[in-house]
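Beneath this line is the structure, given in structure tokens, with notes to follow.
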Amino acid sequence: MAKKTKTTANTATTFSKETYLQWFEMMYRIRRFEEQAFMVYQVQRKIRGFLHLCIGQEAIYAGMMSACRPDDAWITAYRQHGTALAKGISPRAAMAELFGKYTGNVKGKGGSMHYFDASLRYYGGHGIVGGQIGLGAGIALADQYQGKDSVTLCLFGDGAARQGMLHEAYNMAMTWKLPVIYICENNKYAMGTSVERTSNVQDIYKLGLGYEMPSYQVDGMNPEAVHEAIAKAAQHAREGKGPTFLEINTYRYKGHSMSDPSKYRTKDEEKAYKEQDPIMVVERKLLSLGMEQTALDALREQINAEIADSIDFADKSPLPPATELYTDNYTQADYPFIMD
Amino acid sequence: MSRKIRLREALREAMSEEMRRDPNVLIMGEEVALYNGAYKVSQGMLEEFGAKRVIDTPIAELGFTAIGVGAATAGLRPIIEFMTWNFAVLAFDQIVNHAAKIYSMSAGQINCPIVFRGPTGAAGQLGQQHSQTFESWMANVPGLKVVSTVNPYDAKGLLKTAIRDNDPVCFMESEVCYSDEGEVPTDEYLIPLGVADVKRQGTDVTLVSFNKMVKVCLSAADELAKMGISAEVVDLRSIRPLDHETVIKSVKKTNRLVVVDESWPFAGVSAEVCYRVQKYAFDYLDAPITRVNGADTSVPFSSTLVDAWMPNPEKVIKAVKAVMYR
């Protein structure tokens, strides 16, 4: 029977120093990528359009990365740079995509919101709030149909949890026991509207209980908790027992997109979350496990150089030629577009 | 060899043959399995293919369409049956924002081979919410293909092609034509998308149409023949891509055109046909193009109002007389 279990920092699993180091490295890579993308947008103005940053939410992607197999499919919404990097899209391909360059992971056709990588089973990158909740169930259905034991991780925000799609997809995912893990990244705000202002039901995990879906709240500032919850859900799905819903509580340090001064929340609230910053917490853990501060600083410098290189690469890359307008609309090579 | 079968049987044969051919083809929708289809199109398919491949869904068009689209991006070839395209409106987000765009958003990495099918158009006294056509809505969207037909031969050949197509295809039928009979070969055949068909040869005027309005045009052509007017009837069959070359060729022969389209007139298929004909056959026209559409209103219930709303042979004959200056 579905029930709530509050996962805390005191996880049952013991993680190795190598795992903490992997988490630290990935979280710092995502953090640096996002901070630098912000700078390029605001200062150099070389990134245009929407840019939804995930700074503060990195522990979710780190925990997903370590708890999953490469053949597991991931699909998410438009706040997705961190998810994509954790799945394996390179900083160069990701940054070039933000620049709209031909060397981006989707040739400059998707931009910030629409990263895809079929070889990594990274299914996007979707801009219609909640649309991917059903798509994720469909990817899981395809895997189940073809007898694979991979699982689909389907992410969405607290805003998307209020879409009707959630209920339709949850109902069918449970009825058909689809191997999908639903992850609500609850960062407290649907754009500028707080969770409290969008529903009478403020504990989002409870929305799964109406379908008897195993549903849990997870501390999203903590990769250990995220890893443990996802590993358990993945095993459940691989055993043919169907979906799990994880409400992962997190916080985005930046605004919704680039034009958002975040006036709807307090500085105290931001401070409280930054005091439990996942990179800082994991760094302290690594030091307690005997890592040298100088080694971590060197790793930071290495990642800083990697991200600087990605910006340089993006900057120097070509824009897509105008002829690309007519490619990738149809698989049919000779599709007769209306040209007049 | 051929034999007469009904439209619903032609559609069923297309789906069943493709499901036998490719294990990744499946059908899902409301009442498709145990109930044997709301209009019996999928009758017997559950028995042959089992519940894994003939899937009854809850009444949740948005959700089951999304699951179909997601499955299509991950290696399956789903057929999504809508009990009527009117209900597909609930799923337009998935068709328009997702299925149509995933290939472009992923820069060609992930395609979406899926067929969305079901009846469209007014079907008697069904009221405002069950009487709409959707060809022009869907055909407006790059990334989608649109087929609309009620001819059993065309329906079978086109649906088989649609199922094999690697792009998303919207396939539109008509619930009042599922019992229509037509000659259908026993041997396998395919009909390419984007190719119109001349259903009746003529010399004086071209009637361009699709779906059940082709029947209206053929009836009108019979009456016109008695008046000494020879009408050519072009069945578009595919709406996107649209085969305007067959239309242009006919207009260059007849010099007069009436477009008969059950859809509302505003920015619809008839408007697109008119644009292309004035563009490519301007000097061949002996009269302004005329069109016969459903009225620019919702479709009410009462029979007199439905009759007033619908295109019919009398309205087509009147339009033909106008372009013939008779």
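Quickly work out the residue B:249-to-residue A:295 label distance, labels modelled 7 Å from Cα along the C-beta direction, and quote it in nm with one decimal. Going from the residue A:295 label point to the residue B:249 one covers 7.6 nm. Residue A:286 exposes around 0 Å² of accessible area when a 1.4 Å probe is run over every protein chain in place. Projecting the Cα atoms of A:227, A:217, B:19 onto the charge dipole of the protein assembly as shown (Cβ charges, centred on the Cα centre) puts A:217 farthest toward the positive pole.
Of the residues A:157, A:90, A:108, the one whose Cα sits farthest towards the positive end of the charge dipole of region A:57-194 is A:108 (charges of +1 on Lys and Arg Cβ, -1 on Asp and Glu Cβ, taken about the Cα centre). For chain B, the relative contact order is 16 percent, taking Cα pairs closer than 8 Å that sit 6 or more residues apart in sequence and dividing their mean separation by the residue count. Distant-in-sequence amide contacts of residue A:153, defined by a placed amide H-H separation under 5 Å and a gap of 5 or more residues or a different chain, comprise A:73, A:74, A:75, A:181.
Rounded to the nearest 20 debye, what is the charge dipole size of the protein assembly as shown about its Cα centre when +1 sits on each Lys and Arg Cβ and -1 on each Asp and Glu Cβ? Show your work: numbers first, answer last.
Details: 73 positive and 80 negative charges, 109 e Å.
Dipole of the protein assembly as shown, to the nearest 20 debye: 520 debye.
Dimensions of chain A from C-alpha coordinates, computed as largest minus smallest value along each principal axis and given longest first, are 59, 53, 41 Å. Couplings for region A:171-180, taken from phi via the Karplus curve 6.51 cos²θ - 1.76 cosθ + 1.60 with θ = phi - 60°, read 4, 6, 4, 6, 4, 9, 6, 6, x, 10 Hz in order; Gly and Pro are left as x.
For the residues of A:323-336, the average number of beta carbons from a partner chain within 10 Å of their own beta carbon is 5.
Need the full-extension length gain, residue B:188 to residue B:166, defined as separation in residues times 0.36 nm minus the C-alpha distance. One decimal, nm. The partial results should precede the final answer.
Details: separation 22, 0.36 × 22 = 7.92 nm, distance 1.99 nm.
Fully extending the segment from residue B:188 to residue B:166 adds 5.9 nm.
Summed for both chains, how many Å² of accessible area, to the nearest 100, are buried between A and B with a 1.4 Å probe? Numbers along the way, then the final one.
Numbers: alone 15480 and 13660 Å², together 25450 Å².
Chain pair A/B: roughly 3700 Å² of buried accessible area.
The label-point distance for residue A:50 and residue B:267, in a model that sets each label 7 Å from Cα toward Cβ, rounds to 2.2 nm.
Protection proxy ranking for A:289-296, A:240-247, using the average of other Cβ atoms within 10 Å per residue and placing the highest first: A:240-247, A:289-296.
All other residues with a Cβ under 11 Å from the Cβ of residue A:285 taken together, and with Lys, Arg as +1 and Asp, Glu as -1, what is their net charge? My count for the surroundings of residue A:285 gives 0.
3J(HN,Hα) along region A:58-75, derived from phi through the Karplus expression 6.51 cos²θ - 1.76 cosθ + 1.60 where θ = phi - 60°, amounts to 5, 4, 5, 6, 5, x, 4, 4, 7, 8, 10, 9, x, 7, 6, 8, 10, 9 Hz, with x in place of Gly and Pro. Other residues with beta-carbon under 9 Å from the beta-carbon of residue A:106 carry, at +1 per Lys or Arg and -1 per Asp or Glu, a net charge of -1.
As an exercise, use a Förster radius of 41 Å and the Cβ-Cβ distance of residue B:295 and residue A:197 to find the FRET efficiency, rounded to the nearest 0.05. Efficiency, rounded to the nearest 0.05: 0.35. Compute the label zone of residue A:14 within region A:278-297: residues whose backbone N is under 15 Å from the point 7 Å along Cα-to-Cβ. Under cut-off, by backbone N: A:289-290.
Remark: for residue pairs B:226/B:279; A:87/A:109; A:232/A:267, the C-alpha separation exceeds 24 Å in B:226/B:279; A:232/A:267. Given +1 at the Cβ of Lys and Arg, -1 at the Cβ of Asp and Glu and no other charges, the dipole of region A:243-340 around its Cα centre is 600 debye to the nearest 20.
Between A:256, B:71, B:211, the Cα set farthest toward the positive side of the dipole of the protein assembly as shown (charges on each charged residue's Cβ, about the Cα centre) is that of A:256. For residue B:250, the solvent-accessible surface computed with a 1.4 Å probe is close to 0 Å², ligands and nucleic acids excluded. Taking a straight line from the alpha carbon of residue B:40, these lysines sit under 21 Å away, with near neighbours fewer than eight places off in the same chain left out: B:4, B:52, B:156, B:160, B:212.
Per residue of peptide B:107-116, the mean number of Cβ atoms on other chains within 10 Å of the residue Cβ is 5. For region A:256-308, a crude dipole built from +1 on the beta carbon of Lys and Arg and -1 on the beta carbon of Asp and Glu, taken about the Cα centre, is about 220 debye to the nearest 20. Distance from the C-alpha centroid of region B:85-120 to that of region A:299-323: 34 Å, rounded to the whole angstrom.
If you take each beta carbon of peptide A:108-120 and count the beta carbons of other chains within 10 angstrom, what is the mean?
Numbers: counts 1, 5, 5, 1, 0, 1, 6, 2, 9, 3, 8, 1, 0.
Mean shielding count: 3.
In region B:197-324, what percent of the accessible surface is made up of carbon and sulfur (1.4 Å probe, ligands and nucleic acids excluded)?
Working: 2940 of 5370 Å².
Taking all protein chains in place, region B:197-324 shows 55 percent carbon and sulfur surface.
Suppose a student asked you for the relative contact order of region A:193-340, using Cα pairs under 8 Å spaced at least 6 residues apart; what percent would you report?
On the way: 73 pairs, mean separation 23.8, N = 148.
Worked out over region A:193-340, it gives 16 percent.
Distant-in-sequence amide contacts of residue B:259, defined by a placed amide H-H separation under 5 Å and a gap of 5 or more residues or a different chain, comprise B:208, B:290, B:291, B:292. Approximating the spin labels as points 7 Å out from Cα along Cα→Cβ, the residue A:231-to-residue A:337 distance works out to 4.9 nm.
Just add up the charged neighbours of residue A:19: K/R +1, D/E -1, any other residue whose Cβ is under 11 Å from the Cβ of residue A:19. Before the final figure, lay out each step's value.
Details: positive: A:17, A:285; negative: A:18, A:25, A:224.
Taking every other residue near residue A:19 into account, the sum is -1.
Quick one: grab the alpha carbon gyration tensor of chain B, order the square roots of its eigenvalues as a ≥ b ≥ c, and give me rounded if a/c is under 1.5, else prolate or oblate depending on whether a/b is larger than b/c. Note, shape of chain B comes out prolate. Rounded to the nearest whole Hz, the Karplus-based 3J(HN,Hα) values (6.51 cos²θ - 1.76 cosθ + 1.60, θ = phi - 60°) of region A:104-116 follow the sequence x, 5, 10, 6, x, 8, x, x, 4, 8, 10, 7, 9, with x at glycine and proline. Prolate is the label for the protein assembly as shown, because a/c, from the alpha-carbon gyration tensor with a ≥ b ≥ c as root eigenvalues, is 1.5 or above and a/b exceeds b/c.
Rounded is the label for region B:2-185, because the ratio a/c of its alpha-carbon gyration tensor axes (a ≥ b ≥ c) stays below 1.5.
Show me the helices of chain B, taken as full DSSP H stretches, that run 27 Å or more along their long axis by Cα and average -1.0 or above in Kyte-Doolittle hydropathy. TM-like helix candidates: nothing returned. As a length-normalised measure over Cα pairs under 8 Å and 6 or more apart, the relative contact order of chain A settles at 24 percent.
Residues whose amide H falls under 5 Å from that of residue A:190, counting only those 5 or more places apart or on a different chain, are A:195, with hydrogens built in the peptide plane.
The values are calculated or read from the model by the stated rules, or taken from the named source; none is laboratory data. As the structure is a computational prediction, the values presented were derived from the model and not from experiment. Don't worry about glycine lacking a Cβ; one is built from the backbone with ideal geometry, like all the others, and counts go over all protein chains shown. Ligands, DNA and RNA are excluded from the accessible area calculation, which covers all protein heavy atoms including side chains. Shrake-Rupley method; radii C 1.70, N 1.55, O 1.52, S 1.80 Å.
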